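To start, the structure under review is shown below, and the notes come after it.
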């Protein structure tokens, strides 16, 4: 008597394992439904190719696995207790004018904030599930270093499986470079701070940035798969044709920004598969179509301070709002 092992059980087992890993690392995605549909479609194709009708229990097991996966990746976090390691320094311990931050997380989120605490230089919190110790022993999966060189504080940190929270003290000139392999990046920069370089990059994960900064020299927000959201009530360039790039391969882009009249700009927004919607105040539109818009600021005051804005998506929509600030709004 032959025994038939349904491939649906293998697929269900794989989905259960994947859901467990996502729950363990706290990973979330807005693409839960497409993933579930792709897996279900693949299972259907496999059943047709094998020519064997699966039993009701096999179908039920796959449905339960897909439901569990969908709840894990789109619902609230179910991660267990976490351990946190904190590194910090006071302003009296760090005599610098500039801060250069480099942070990298292979699997985990990065959050960067600014504090109004005058006595704080920086605080770095690295947290992960306490289950990591069970699976990986006491091996450290993160590194942290700080150096002072020529009046500049260099902060470098990396992690393979932890969430990173960085809080910087006020009144420094800062340069920010953050990246994740799988995980989101969040940045909040108030107008009171001078941030001259901002580079945020994710492989799979969203970018949420609220940036109100003057004297920006480089601004790059880039996601491989994930949405990008930028909100700014004041964004001023420092230099001619300051590069301003926002892009994602698969995902939407949402921008709501204001620039002062002391900064001019040229702007191009394009999408390969999607639409571009825009509301541009104080700009002259040279070209506008369903998937592209080209525009420049109406008056070119101080052309030495200007943005070269390039916004793009491969698959996804772009919602763009941009305005020039009046003198009373500054």
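The values are calculated or read from the model by the stated rules, or taken from the named source; none is laboratory data. Fair warning: this is a prediction, and the values are worked out from it, not measured in the lab. Glycine also receives a Cβ, built like all others from the backbone with ideal geometry; neighbour counts cover every protein chain displayed.
What the table below lists for this structure:
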quantity	calculated
Selection count, the range 176-212, where residues are surrounded by 21 or more Cβ atoms within 10 Å (Cβ to Cβ) and closer than 19 Å to residue 161 by Cα	10
Only one of 89, 121, 105, 60 that is surrounded by fewer than 17 Cβ atoms within 10 Å (Cβ to Cβ), modelled with pLDDT of 70 or more, in the same structural domain as residue 178 (by TED's automatic domain parsing) and on the phi < 0 side of the Ramachandran plot	89
The range 248-264, residues that are closer than 20 Å to residue 189 by Cα and within 25 Å of the chain's Cα centre (by Cα)	253, 254, 255, 256, 257, 258, 259
Odd one out for residue 215, checked against (1) surrounded by fewer than 17 Cβ atoms within 10 Å (Cβ to Cβ); (2) modelled with pLDDT of 90 or more	(2)
Candidate set from the range 128-145 (those that are assigned to a strand (DSSP E or B) and surrounded by fewer than 16 Cβ atoms within 10 Å (Cβ to Cβ)); member that is modelled with the lowest pLDDT	143
Test: residue 175 is in a strand (DSSP E or B) and at pLDDT below 95	no
